[in-house]
Amino acid sequence: MKVIKTAINDVLIFEPTVFGDERGFFMETFRESEFRGLGLNVQFVQDNHSLSSKGVLRGLHYQIRQAQGKLVRVIAGEVYDVAVDLRKNSATFGQHVGVHLSAENKHIFWVPPGFAHGFVVLSEKAEFIYKCTEYYAPEHELSLLWNDPQLNINWPLAGEPELSNKDQKGVLMADAEVYL
């Protein structure tokens, strides 16, 4: 598996080795020893799978308590995926990384604990799966406003995204609870 560094050191893209022929393909999507070799000693406790339509934007979500690391990928369609650094003492605090994830490119995105995470669907539909290092805790979930001018995320949108009620009420970075 090839590791691709991003503008934020702790956020990584994995490009799996894909073995394919006329019958289909095979690839590893996670190998603990590979993560440990990178100094990432994580234990995944929950897997999630979502289906969303074009223009749906989910996020930017995070949990201060029970902070989740997420290993994310798309198995059908395409999304633009974003991780925002909310670690107050980080040199990249308030910065973000955005990547295109698709069933075609098969890239896998590592979003460490301490980051807000979100994505927008670019294809007609997208199936998104991810492994989490902590359990989802709705009582601890927070949301940054997806279009906060301070974050300056260049979402590849043709119009306004479709948001949940929760995501419409996201807070500005200036008002957000962050990781100390």
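The values are calculated or read from the model by the stated rules, or taken from the named source; none is laboratory data. Being a predicted model, the structure only gives us computed values, none of them experimental. Cβ placement follows ideal geometry from the backbone for every residue including glycine, while neighbour counts extend to all protein chains displayed.
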So, in the stretch 16-56, how many residues would count as being closer than 20 Å to residue 78 by Cα, among the acidic types (Asp, Glu) and modelled with pLDDT of 95 or more?
1
Does the stretch 80-87 contain any residue that is in contact with a Phe, Trp or Tyr (Cβ under 9 Å, 6 or more places away or on another chain), on the phi > 0 side of the Ramachandran plot and either in contact (Cβ under 8 Å) with a residue 12 or more places away in the chain or of a type in the set (Gly, Ala, Ser) (or both)?
no
Given (1) among the polar types (S, T, N, Q); (2) touching a residue at least 40 places away in the same chain (Cβ under 8 Å); (3) more than 20 Å from residue 138 (Cα to Cα), number of the condition residue 46 does not satisfy
(3)
Hits in the stretch 124-146 (condition: surrounded by fewer than 17 Cβ atoms within 10 Å (Cβ to Cβ) and either among the β-branched types (Val, Ile, Thr) or not in a strand (DSSP E or B) (or both)):
124, 129, 135, 136, 137, 138, 139, 140
Take residue 93 and tell me if it is out of contact with any Leu (no Cβ under 6 Å at 6 or more places or on another chain), touching a residue at least 12 places away in the same chain (Cβ under 8 Å) and part of a strand (DSSP E or B).
no
Restricting to the stretch 99-156, count the residues that are among the acidic types (Asp, Glu) and closer than 18 Å to residue 47 by Cα.
3
Some residue of the stretch 123-133 being more than 19 Å from residue 88 (Cβ to Cβ), touching a Leu at 6+ places or on another chain (Cβ under 7 Å) and of a type in the set (Lys, Arg)
yes
For the stretch 74-84, give me each residue that is surrounded by 23 or more Cβ atoms within 10 Å (Cβ to Cβ) and either more than 15 Å from residue 5 (Cα to Cα) or of a type in the set (Ser, Thr, Tyr) (or both).
74, 79, 81, 84
Residue that is surrounded by the fewest Cβ atoms within 10 Å (Cβ to Cβ) [pool: residues in the stretch 96-123 that are of a type in the set (A, V, I, L, M) and in a loop (DSSP other than H, G, I, E, B)]:
103
